[in-house]
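Colleague: Below is the structure I would like to discuss, written out as structure tokens.
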Amino acid sequence: MNDWIAFWDSPHAIYVNVLHRDVHYRKIAEDIRRYMSANSRALDYGCGEALHADIAAQPSHELTLCEAAPKLRETLAARYADNAKIKVASPEDIEKLPDHSFNLIVMHSVAQYLTEEELVKLLRLFRRLLKEDGLFVLGDVIPPDVSAFTDAMALLRFARAEGFFVAALFGLVRTVFSNYWDLRSSLGLTRYDKDEMLGKLTSAGFWAAEAPRNIGHNQARMTFLGRLEPAHLDH
């Protein structure tokens, strides 16, 4: 995980241009907002740049953005310094919180960068931090049969819809020769099929189900919902 943290904390070319970066984070924020209830306390764990966290936070009482990359965390703190609803924290800060601190916990597009042992540890932490009637949302889980080509096609469809198709074509070529591709090739991405992930969530103490749609633009990947009680998993 440390290699990936260092990557996200340094300049990179994952987003093909400013528009791509903006609509990527806007789509995620809008999707997370659909899970947010009024006056809730929410956690976005591994939030990345979270450019539009203010959109996700609007219905909530408080949204905590947790990011492991220190430079990125400083940027988040500066960006949302004037937003009373948004707090920024490190993973170490989150581990120190008392039981049942959050109504909603979201971890999107993080599981693929964790070992299975790291994921299990976090699932147990989230179960402790979730209120009895709360919801855990695990987004962007990559199935074993989803290839880099599938991801590329999803990006191109998103790019066509959002107006950066040509830039995306050039960006995909650039990515192949980037340090991201080197890391992905050397470290790999951790993948789970549906039953594997449901099993891990159940073992961690959640009643779990797959959501109808994945958070974000790539519908070849999966989002899972977990609760401490079995009701309302069809959110």
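Colleague: Of everything in the range 106-135, what is in a helix (DSSP H, G or I), open to solvent by less than 20 Å² (accessible area, probe 1.4 Å) and more than 20 Å from ILE32 (Cα to Cα)? Give them in sequence order.
Modeller: Once the filter is applied, which keeps residues that are in a helix (DSSP H, G or I), open to solvent by less than 20 Å² (accessible area, probe 1.4 Å) and more than 20 Å from ILE32 (Cα to Cα), the range 106-135 yields only LEU119.
Colleague: Can you name every residue in the range 1-25 that is over 18 Å from THR190 (Cα atoms) and in contact with a Leu (Cβ under 9 Å, 6 or more places away or on another chain)?
Modeller: Correct list: ASP9, VAL16, HIS20, ARG21, ASP22, HIS24, TYR25.
Colleague: Taking the range 77-105 as the region of interest, how many residues are open to solvent by less than 70 Å² (accessible area, probe 1.4 Å) and closer than 30 Å to PRO143 by Cβ?
Modeller: Looking only at that region, the number is 6.
Colleague: When you scan the range 19-27, do you find a residue that is more than 17 Å from the chain's Cα centre (by Cα), more than 26 Å from PHE164 (Cα to Cα) and open to solvent by 20 Å² or more (accessible area, probe 1.4 Å), even just one?
Modeller: No: zero hits.
Colleague: Which of (1) modelled with pLDDT of 95 or more; (2) under 20 Å from ASP22 (Cα atoms) does LEU104 not meet, given it meets every other one?
Modeller: Looking at each condition in turn, LEU104 falls short on (2).
Colleague: Considering only the range 165-181, state which residues are modelled with pLDDT of 70 or more and open to solvent by 80 Å² or more (accessible area, probe 1.4 Å).
Modeller: VAL166, PHE170, VAL173, ARG174
Colleague: In the range 197-219, what residues are open to solvent by 60 Å² or more (accessible area, probe 1.4 Å), in contact with a helix residue (DSSP H, G or I) (Cβ under 9 Å, 6 or more places away or on another chain) and more than 26 Å from ALA56 (Cα to Cα)?
Modeller: SER203 - this is the single residue of the range 197-219 that is open to solvent by 60 Å² or more (accessible area, probe 1.4 Å), in contact with a helix residue (DSSP H, G or I) (Cβ under 9 Å, 6 or more places away or on another chain) and more than 26 Å from ALA56 (Cα to Cα).
Colleague: Also: Of everything in the range 138-160, what is over 18 Å from ALA211 (Cα atoms) and open to solvent by less than 10 Å² (accessible area, probe 1.4 Å)? Give them in sequence order.
Modeller: ALA154, ALA159, listed by residue number.
The values are calculated or read from the model by the stated rules, or taken from the named source; none is laboratory data. No experiment lies behind these values; they were computed from the predicted model shown. Glycine gets a Cβ as well: all are built from the backbone with ideal geometry, and neighbour counts include every protein chain shown. Ligands, DNA and RNA are stripped out before the accessible areas are found, and what is left, the full protein with its side chains, is counted by its heavy atoms. Shrake-Rupley method; radii C 1.70, N 1.55, O 1.52, S 1.80 Å.
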